Protein chains: 2
Amino acid sequence: MKELRPVQVILLGFLITIFAGSILLALPIATQSGQATPYIDALFTATTSVCVTGLIVETTMTHWSIFGQAVIILLVQIGGLGVITITTGMFFMLRKRITLGNRMLIQESMGLNTMTGLVPLVKKILIGTGIIEGIGAVLYATQYVPEFGIGYGVWAAIFNSISAFCNAGMDIVRDDSLRSYVTNPVMNFTTMGLIILGGLGFVVWKDLWQGFKKIVKDKVPVKRMIQQWRFQTKIVLSITSFLILFGTILIFLFEYHNPATMESLSLPQKIQASLFQAVTTRTAGFETVAQAALTDASSLVSMFLMIIGGSPTGTAGGVKTVTFAILVFCVLSVAKQEESITLFKRRVPQNLLAKALAIIVINLIVLMTSVLLLLVFDHGTFMDSCYECVSALATVGLTKGLTPNLTIAGKVIIIITMYLGRVGPISMAIGFSQKNKKKMVMYPEQDLIL
Amino acid sequence: MKELRPVQVILLGFLITIFAGSILLALPIATQSGQATPYIDALFTATTSVCVTGLIVETTMTHWSIFGQAVIILLVQIGGLGVITITTGMFFMLRKRITLGNRMLIQESMGLNTMTGLVPLVKKILIGTGIIEGIGAVLYATQYVPEFGIGYGVWAAIFNSISAFCNAGMDIVRDDSLRSYVTNPVMNFTTMGLIILGGLGFVVWKDLWQGFKKIVKDKVPVKRMIQQWRFQTKIVLSITSFLILFGTILIFLFEYHNPATMESLSLPQKIQASLFQAVTTRTAGFETVAQAALTDASSLVSMFLMIIGGSPTGTAGGVKTVTFAILVFCVLSVAKQEESITLFKRRVPQNLLAKALAIIVINLIVLMTSVLLLLVFDHGTFMDSCYECVSALATVGLTKGLTPNLTIAGKVIIIITMYLGRVGPISMAIGFSQKNKKKMVMYPEQDLIL
Ligand SMILES: [K+]
Ligand SMILES: [K+]
């Protein structure tokens with residue numbers, strides 16, 4: 001254990017959690033029928049849960065017993081909080097003190113500048129998560145209890161709330177996700193609220209909470225509170241708002257006349273459904289309209305939004321809003337022939353630029369490889385295969401119908417893609433590379449013609 | 001004229017050439033029937049010629065008269081040599097001396113370090129082009145003259161040779177490109193040779209020619225000659241070889257059992273056809289197998305190769321091999337947690353990294369926008385639309401059959417995409433941006449969590 005580097009701890013932690021989950025789910029007790037699930041499907045389900053992807057090969061409501069569902073939602077909760085729960089869990093499990101290196105890893109990935117109290121921090125995050133998921137569960141219960149009775153209604157509401165906040169996108173009440181609630185505002189806005197909050201990430205939660213306290217307690221004006229937010233928070237909130245607005249408008253336009261999705265809805269319902277589609281691609285994976293019925297144009301917009309995904313240190317996947325911001329502002333800086341890359345009057349350091357570039361490139365490479373393998377080893381169309389792989393890589397969980405019909409090879413491809421998507425292919429690359437000892441050799445700079 | 005910046009000269013030069021060509025092609029004399037071509041089709045044909053794309057709405061052999069064909073191949077020759085012919089042409093046309101700024105532009109884009117003689121350089125390039133295209137024409141003539149007689153055979157051979165060296169991919173002997181020559185080694189290897197040479201670019205031509213002279217005249221050993229090549233040349237040759245090998249193997253695998261393309265061919269013919277497909281995606285656009293019949297897996301590999309395209313300062317399009325090299329080595333450096341991005345023991349400067357990133361991002365944005373618009377305004381499937389737009393943006397000219405059936409809106413979308421692809425969307429962005437006067441303001445560096 002001593003020789004594992006922090007990033008390897010995370011890679012291994014996710015793997016162990018997945019395999020432990022798969023064994024529990026392969027037990028006969030985990031299914032309603034009492035028959036053991038084939039191991040590949042148990043593994044697929046454990047992976048989709050820990051990676052908070054939400055692509056499913058068996059309908060969660062009908063196939064799994066309450067025990068199975070409990071295992072799934074526990075895996076979702078562990079996987080959703082990701083680095084924090086996995087790493088601290090790994091160390092408690094191994095009865096080891098959290099070493100300085102790993103402490104730094106957690107702090108760096110959570111955006112903390114101080115070395116103070118990790119344990120209080122983890123506690124705060126868990127309490128905050130509990131409160132938000134509790135509120136979500138109450139709201140869901142107002143709809144589920146009348147429909148399913150007190151017992152299953154409350155269970156379904158808790159399941160749904162954890163699943164939404166963790167951006168997992170699974171539910172235990174239907175086999176068509178939230179399609180029957182497309183016109184129900186409580187279901188729509190509860191789900192969207194949880195998805196967005198979960199996807200904003202820890203740094204933003206902290207700023208939002210402190211801002212809220214300042215306004216309520218210290219009567220600080222809103223404008224001044226916003227000024228005090230961290231740069232990261234401002235970027236995340238602007239890009240997230242922009243993406244949701246942009247997505248809603250385009251999907252509204254492209255689905256307005258689509259009889260298979262929104263044509264029959266009223267204008268406000270159309271807007272609500274478009275908004276939901278734009279929000280769910282922030283890698284949640286619930287759907288209120290059938291993804292297979294979307295126009296190709298909407299599907300392309302959805303894939304674009306999925307690849308970008310949520311924000312760093314949150315429960316969402318994708319290459320992340322901050323990476324997207326750096327890419328866009330790099331283009332603007334190069335177009336203006338500026339000496340350095342600037343982002344809202346801040347210089348982007350070279351190593352950050354390189355990391356953003358590496359993230360986008362390696363994600364594209366993994367995506368293409370995954371689509372290519374799926375085309376070779378499975379039977380989907382090009383569009384359906386692209387949608388499936390984007391969904392798996394960005395841990396979204398939306399499908400055009402391929403998932404339940406995947407061959408074994410296809411399932412293996414998607415399992416690997418989901419894992420890579422959750423740990424981040426760049427972490428994988430770092431984990432498997434030998435760290436280059438900072439040599440004294442400084443290679444000469446080399447200009448090239450592009 | 002004085003106020004135009006160099007990059008704007010190029011943007012405008014291409015535009016003027018396209019519009020002049022479209023007017024000539026719209027004349028009744030340009031068609032075999034003597035009937036004027038609709039202007040949108042004349043504009044499409046002029047654009048596809050100047051941008052050396054090769055997507056065509058009218059069969060070049062049957063629709064256009066010898067005059068029309070001559071206009072087309074002249075536009076191809078001008079567009080193929082690109083920056084050099086367009087800019088020098090612009091200045092001769094405007095009877096202006098070539099200013100220092102524009103001299104520097106040409107030199108920079110040609111990778112010259114010295115300020116000596118532009119005119120002798122342009123002469124050398126034209127003579128070299130003439131010699132290579134002459135050899136190509138003779139080789140084509142050995143096949144075309146027996147088939148079409150001396151007159152049309154020679155004309156077709158010259159047309160084909162220019163078209164191949166300039167990576168335009170048009171011909172005047174068939175309406176199915178080179179499919180009937182799929183088993184003909186002279187046609188295959190002449191075409192591949194011209195495509196590759198044209199796509200390597202000026203810097204490499206210079207090194208290859210000087211290396212050739214050294215070996216013949218000075219009896220320098222090959223190994224030492226290679227050591228003396230510029231870094232750019234080594235990168236271009238390694239990446240080009242890698243891409244061709246990689247493409248050939250995958251396409252061979254994915255088409256081996258495809259009855260619509262290669263199943264009936266012998267093993268060496270299968271290899272030859274796979275090699276041709278891998279080479280033609282270096283943005284030439286000739287085809288020996290029907291693109292519409294390719295498996296989805298081969299189509300994806302082909303799109304990947306097309307997006308990368310050829311090498312800088314050559315006749316090919318795409319984001320270019322050198323950009324691709326920087327992207328890949330950036331991932332490797334980040335994975336190894338190196339302090340700087342290194343490429344074969346050379347450091348990549350920050351501005352080069354930013355430019356590579358900007359090129360890949362803006363190309364992806366233009367590509368997605370183009371596919372989205374085509375899906376909305378035309379009737380192609382997702383795969384066919386992706387293939388068409390990749391082909392247009394990377395100036396390739398391969399199609400799965402969409403081009404001749406495009407609506408007017410579709411034609412406009414493809415025309416704009418071809419133009420952007422040839423001038424490079426990043427040049428466009430630079431041309432339209434106000435150059436940021438180097439301010440004394442140095443913004444603070446800002447770290448972010450990705
Ligand atoms: K998800
Ligand atoms: K071409």
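Return only the number of the condition from (1) outside any loop (DSSP other than H, G, I, E, B); (2) of a type in the set (Val, Ile, Thr); (3) within 15 Å of ligand 1 (Cβ to nearest atom) that residue A:53 does not satisfy.
(1)
Kindly list the number of the only condition in (1) over 11 Å from residue B:284 (Cβ atoms); (2) within 16 Å of ligand 2 (Cβ to nearest atom); (3) out of contact with any Asp or Glu (no Cβ under 6 Å at 6 or more places or on another chain); (4) more than 14 Å from every other protein chain (Cβ to nearest Cβ) that fails for residue B:162.
Among (1) over 11 Å from residue B:284 (Cβ atoms); (2) within 16 Å of ligand 2 (Cβ to nearest atom); (3) out of contact with any Asp or Glu (no Cβ under 6 Å at 6 or more places or on another chain); (4) more than 14 Å from every other protein chain (Cβ to nearest Cβ), the lone unmet condition for residue B:162 is (3).
Of the numbered conditions (1) surrounded by fewer than 18 Cβ atoms within 10 Å (Cβ to Cβ); (2) over 23 Å from residue B:57 (Cβ atoms); (3) within 21 Å of the chain's Cα centre (by Cα), residue B:197 fails exactly one; give the number of that condition.
(1)
Given (1) more than 16 Å from ligand 1 (Cβ to nearest atom); (2) aliphatic (A, V, I, L, M); (3) in contact (Cβ under 8 Å) with a residue 24 or more places away in the chain, identify the lone condition not met by residue A:170.
Evaluating residue A:170 over (1) more than 16 Å from ligand 1 (Cβ to nearest atom); (2) aliphatic (A, V, I, L, M); (3) in contact (Cβ under 8 Å) with a residue 24 or more places away in the chain leaves (1) as the failure.
How many residues are within 21 Å of residue B:171 (Cβ to Cβ) and either within 16 Å of ligand 1 (Cβ to nearest atom) or surrounded by fewer than 23 Cβ atoms within 10 Å (Cβ to Cβ) (or both) when one looks only at segment B:21-42?
Count: 5.
Restricting to segment A:318-343, count the residues that are of a type in the set (A, V, I, L, M, F, W, C) and over 29 Å from the mean Cα position of the chain (by Cα).
Of the residues in segment A:318-343, 2 are of a type in the set (A, V, I, L, M, F, W, C) and over 29 Å from the mean Cα position of the chain (by Cα).
Please enumerate the residues belonging to segment A:409-438 that are at pLDDT below 95, more than 9 Å from chain B (Cβ to nearest Cβ) and more than 21 Å from residue A:364 (Cβ to Cβ).
A:437
List the number of the failed condition for residue B:406; all other conditions in (1) more than 7 Å from every other protein chain (Cβ to nearest Cβ); (2) modelled with pLDDT under 85; (3) surrounded by 19 or more Cβ atoms within 10 Å (Cβ to Cβ) hold.
Evaluating residue B:406 over (1) more than 7 Å from every other protein chain (Cβ to nearest Cβ); (2) modelled with pLDDT under 85; (3) surrounded by 19 or more Cβ atoms within 10 Å (Cβ to Cβ) leaves (2) as the failure.
So, residue B:227, is that one more than 16 Å from ligand 1 (Cβ to nearest atom) and crowded, with 16+ Cβ neighbours inside 10 Å or not?
No, not satisfied.
Any residue in segment B:364-390 that's closer than 13 Å to residue B:413 by Cβ and at the interface with chain A (Cβ under 10 Å from one of its Cβ atoms): show its pairings with residues that are among the charged types (D, E, K, R) and surrounded by 24 or more Cβ atoms within 10 Å (Cβ to Cβ) at Cβ separation under 7 Å, as long as the two are six or more apart or on different chains.
From segment B:364-390, the pairs are B:374/B:388; B:380/B:388.
May I ask you to list the residues in segment B:381-397 that are in a loop (DSSP other than H, G, I, E, B) and within 15 Å of residue B:364 (Cβ to Cβ)?
Within segment B:381-397, just B:394 meets the criteria.
Enumerate the helices (runs of 4 or more DSSP H) found wholly within segment B:148-263, keeping only those where 1 or more residues are of a type in the set (Asp, Glu).
Those helices (runs of 4 or more DSSP H) span B:202-217, B:231-255.
Can you spot a residue in segment B:388-399 that is small (Gly, Ala, Ser) and at pLDDT below 90? Quick ask: steps written out before the conclusion?
Step one: filter segment B:388-399 for residues small (Gly, Ala, Ser), giving B:391-392, B:394, B:397.
Keeping just the survivors that are at pLDDT below 90 gives none.
Within segment B:388-399, not a single residue is small (Gly, Ala, Ser) and at pLDDT below 90.
To keep it simple, each residue is scored yes or no on (1) at pLDDT 90 or above; (2) closer than 27 Å to residue A:140 by Cβ.
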| site | (1), (2) |
| --- | --- |
| A:193 | yes, yes |
| A:206 | no, yes |
| A:210 | no, no |
| A:224 | no, no |
| A:236 | yes, yes |
| A:240 | yes, yes |
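Taking segment B:313-333, which residues are at the interface with chain A (Cβ under 7 Å from one of its Cβ atoms) and within 16 Å of ligand 2 (Cβ to nearest atom)?
B:320
Which of (1) within 16 Å of ligand 2 (Cβ to nearest atom); (2) closer than 22 Å to residue B:10 by Cα; (3) crowded, with 23+ Cβ neighbours inside 10 Å is the odd one out, the single condition residue B:387 does not satisfy?
Residue B:387 satisfies every listed condition except (2).
The values are calculated or read from the model by the stated rules, or taken from the named source; none is laboratory data. Predicted model only: the values in this text are computed from it and were never measured. All Cβ positions, glycine included, derive from the backbone under ideal geometry; neighbour counts span all protein chains shown.
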